[in-house]
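Okay, structure first, notes after.
The values are calculated or read from the model by the stated rules, or taken from the named source; none is laboratory data. None of the values given here were measured: they were computed from a predicted structure. Glycine gets a Cβ as well: all are built from the backbone with ideal geometry, and neighbour counts include every protein chain shown. With ligands, DNA and RNA removed, areas are computed over all heavy atoms of the protein, side chains included. Shrake-Rupley method; radii C 1.70, N 1.55, O 1.52, S 1.80 Å.
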Amino acid sequence: MTAIAIVHPTGLLGKELKDTLGNRPDLAGDVRLLSTRDDEIGTLTEVGGAAAMVTRYEPEKLQGVSVAFLCGALEDNRPLLAGLPPETTGILLAFDATVEDGLPVVAGVNAGAARGPRVLLSPHPGVVLLAHLLHALRELSPEAAVATLIQPASMRDDAGLEELFEQTRQIVAMTKRTPSPVFGTQLAFNLLSAPLPADPLAAQVGSVLGGVPATALQVLQGGIFHSISASLWVRCAEAPSPQAVRKALVQHPHLEAADKPRLLGPIDAAASDKILFGGVRRDETGGGFWLWAVMDNLTRGGALNAIEIAEAIL
């Protein structure tokens, strides 16, 4: 029986991991829920339909654990990485982590690199999204890419969702506005520059794809609840037609063409394990092409990627 641990399991990603693992008893018969945070310790929850309790993290509780998923803020998890037992591989799901914290792995792209390193990084959902899109285009020899990522409020966990909901309610009801400790200002019906620096994410994309193509990106915070979006410009060596680009994308197992590409939005990807892409448009001035894609940040961009990494090493 494979033993797996989820550290800091009560956030949105931890919940998604628990639910997904509960449907895969062949992968994990023994799931341990651990935390260093007093507000989580003692929480009663369930895994696979059975009651489970979050207990205090102690190094010996990882004895016999093959994979430990470390969720939540990097500052809560970084001190634990050095104490992982020799038999335990840590998979870090901290969106503020960098390539210095672990080897970035995107299942279906560079999963073969997962065997060996003690600490792996399931990257920021935007990295997962871009890696799948650009990997699908590898036969077209992409040379350069520029992306704008729009991340949802759920990237800031339950607190982000609650703040966006409350802002929306107050605006619609025309009631007094309350402070915004998560986003710092009004996010509802708005678009902000994300506080997360883009360069570390570009470095993760480069690590996953082997540095080709060179990718520049920016990250925005959207007033949406779930799913991450990408506006992506790519230039390839031989200027493929939009039809050739669509053909390459649709052949990728995790990508799916939208039924109504002109109406594709983040909501269409919510709770899906697929990346949906819309129309492909030739850029007549820059010599490349544009495409638009959306992905659920908690499923394909979070829990599913981490679990498929675990499957690759077990």
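For Lys260, the lysines whose Cα comes closer than 22 Å to its Cα, not counting residues fewer than 8 places off in the same chain, are Lys247, Lys274. With all pairs of different C-alpha atoms in the average, the Kirkwood value for the hydrodynamic radius of region 1-148 is 16.3 Å. Here region 135-294 has an Rg and Dmax of 17.6, 57 Å, counting Cα atoms alone. Each Lys and Arg contributes +1 and each Asp and Glu -1, all at the Cβ; summed about the Cα centre of region 105-223, the dipole is approximately 100 debye. Cut-off 10 angstrom, C-alpha nodes, Gaussian network model of the chain. Which of Ala94, Ala28, Ala147 fluctuates the most? Result for the chain, Cα springs under 10 Å: Ala28 fluctuates most. Among beta bridges identified by DSSP and lying wholly in region 1-115, the antiparallel ones come to about 20 percent. Taking every C-alpha pair closer than 8 Å and separated by at least 6 residues, the mean separation divided by the residue count of the chain gives a relative contact order of 18 percent. Protein heavy-atom accessible surface, 1.4 Å probe, per residue over region 188-314: 45 Å². When the charge dipole of the chain is built from unit charges on Cβ atoms (+1 for Lys and Arg, -1 for Asp and Glu) and taken about the Cα centre, the candidate among Leu192, Pro79, Leu164 whose Cα reaches farthest toward its positive end is Leu192.
At most 10 other Cβ atoms within 10 Å plus a DSSP loop assignment makes a site exposed; report the longest stretch of the chain without any exposed GluC sites (Glu not before Pro).
101-237
A Förster radius of 30 Å combined with the Cβ-Cβ distance from Ala50 to Ala271 puts the calculated FRET efficiency at roughly 0.80. Using the Cβ-Cβ distance between Leu191 and Asp96 with R0 = 22 Å, the FRET efficiency computed as 1/(1 + (r/R0)^6) comes to roughly 0.60. The loop-placed trypsin sites (Lys or Arg not before Pro) in region 105-151, going by DSSP, that have at most 13 neighbouring Cβ atoms within 10 Å of their Cβ come out as Arg115.
Basic side chains Lys and Arg get +1 at the Cβ, acidic Asp and Glu get -1 at the Cβ, and with that the dipole of the chain about its Cα centre reaches some 680 debye. The apolar share of the surface of region 210-314, taken as the fraction of accessible area on carbon and sulfur atoms (1.4 Å probe, ligands and nucleic acids excluded), comes to 54 percent.
The H on the amide N of Cys236, modeled in the peptide plane, is under 5 Å from the matching H of Glu143, each at least 5 residues off or on a different chain. By accessible area, using a 1.4 Å probe on protein heavy atoms only, region 33-187 has 54% of its surface on carbon and sulfur. Computed over the chain with a Gaussian network model linking Cα atoms closer than 10 Å, the most mobile of Leu34, Leu21, Leu191 is Leu191.
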